[in-house]
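First up is the structure itself, then whatever we jot down about it.
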Amino acid sequence: MKMQFLHNLYWKIYEGGVCLRTIISPTKSTKYLYRKRFHRLLNLENPVSFNEKIQWLKLNTYNNNPLITQCADKFAVRDFVKSKGCEELLIPLIGVYDDVDAIEWDNLPEKFVLKCNHGCGYNLICSDKTKLNIEEAKKTIRCWMRDDYWKHRAEINYKYIKKKIVIENYIDNNGKQLEDYKFYCFNGKVLYTMVCLERKEGHAKYYFFDRNWNLIPYSKDALKVDKKFKICKPQLLDKAIEYAEKLSAQFPFVRTDLYILDDKVYFGELTFTPAGGLDDDLLDGDKEMGKLISLDF
């Protein structure tokens, strides 16, 4: 118990220090976080790797860019998706709120998904409202709404988002576990698809595939599987890629996250700084995908 308390205290102090660094200087905070993660200096003068170029884009092209702010906003991005003629991708909206106390919980359906729009990880997935502790949920949401997500990893693309609580329909894939597909888009072209599996079990696994659905060794999970390992190619993959390329055409890099069901594709989000530009699970992908990002886009 004492060790857990000390561990939590350490991380609270550490995160507080990171947030303070970010407020003072997002660039210095970025350099600090990069060196701590990779044990080498961040090269912003001549970035080469994927993570380095993500950091450069974050601090330059994506910094205080109204379009990036809109598209990083999990509510405002809906208008962007509509403007691209892809409104059919949007998960039906139940409600949008500025304050948790404005939510009429009794009027919500038995299943829904609640999220905050100003960062990542602010998700409440309710598959049975009768089992939901609403008071505990309110406490969690208030905590999310107080949190300035952009400060934790100096992700300035989230800084200027007006915080909101978004509630959408709950979707599933005919009773099967819903998997999300993350399309790595370079200059509007999908070159890799990352599949996220076993998220509900609490230990998500990640696998990269090329355009021909060949497994690529760009994750530690991919190195652990044998030759018989296989993930079936989704029937609507080509349609999803078409959508991803339409939504990503204006950006030098963005990860377009979509849900592919048996009979429909849904929009998830646009992610401009995957893992905050600190993805140490990419292995050779850090170098190879770095070659694909043009900073002169």
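The values are calculated or read from the model by the stated rules, or taken from the named source; none is laboratory data. All figures in this text were calculated on a predicted structure; none of them were measured in a lab. Cβ coordinates were reconstructed from backbone atoms using ideal geometry, including for glycine residues, and neighbour counts include every protein chain displayed. Calculation scope for accessible area: heavy atoms of the full protein, side chains included, ligands and nucleic acids excluded. Shrake-Rupley method; radii C 1.70, N 1.55, O 1.52, S 1.80 Å.
Answer yes if at least one residue in the range 139-147 is farther than 23 Å from I24 by Cα and either crowded, with 20+ Cβ neighbours inside 10 Å or in contact with a helix residue (DSSP H, G or I) (Cβ under 8 Å, 6 or more places away or on another chain) (or both), and no otherwise. Checked the range 139-147: at least one residue is farther than 23 Å from I24 by Cα and either crowded, with 20+ Cβ neighbours inside 10 Å or in contact with a helix residue (DSSP H, G or I) (Cβ under 8 Å, 6 or more places away or on another chain) (or both).
If you go through the range 66-124 and keep only what is in a loop (DSSP other than H, G, I, E, B) and closer than 17 Å to A249 by Cα, you end up with K84, G85, C86.
Here K151 passes the criteria (1) part of a strand (DSSP E or B); (2) buried (at least 18 other Cβ atoms within 10 Å of the Cβ); (3) of a type outside the set (A, V, I, L, M, F, W, C) except the one numbered (1).
Please list, ordered by first then second residue, the pairs with beta carbon atoms under 6 Å, 6 or more apart or interchain, first in the range 134-158 and within 14 Å of C120 (Cβ to Cβ), second open to solvent by 50 Å² or more (accessible area, probe 1.4 Å). If the second residue must be open to solvent by 50 Å² or more (accessible area, probe 1.4 Å), the pairs left are W150/K159. Kindly indicate whether K129 is touching a residue at least 60 places away in the same chain (Cβ under 8 Å) and either hydrophobic (A, V, I, L, M, F, W, C) or surrounded by 13 or more Cβ atoms within 10 Å (Cβ to Cβ) (or both). The answer is no for K129. In the range 108-115 there is at least one residue matching the filter, namely being open to solvent by less than 60 Å² (accessible area, probe 1.4 Å) and either within 24 Å of E245 (Cα to Cα) or aromatic (F, W, Y) (or both). Checked against (1) under 27 Å from W150 (Cα atoms); (2) more than 19 Å from the chain's Cα centre (by Cα), G276 passes all but a single condition, namely (2).
Is there a residue in the range 92-115 that is modelled with pLDDT under 95 and more than 27 Å from N174 (Cβ to Cβ)? The answer is no; no qualifying residue exists.
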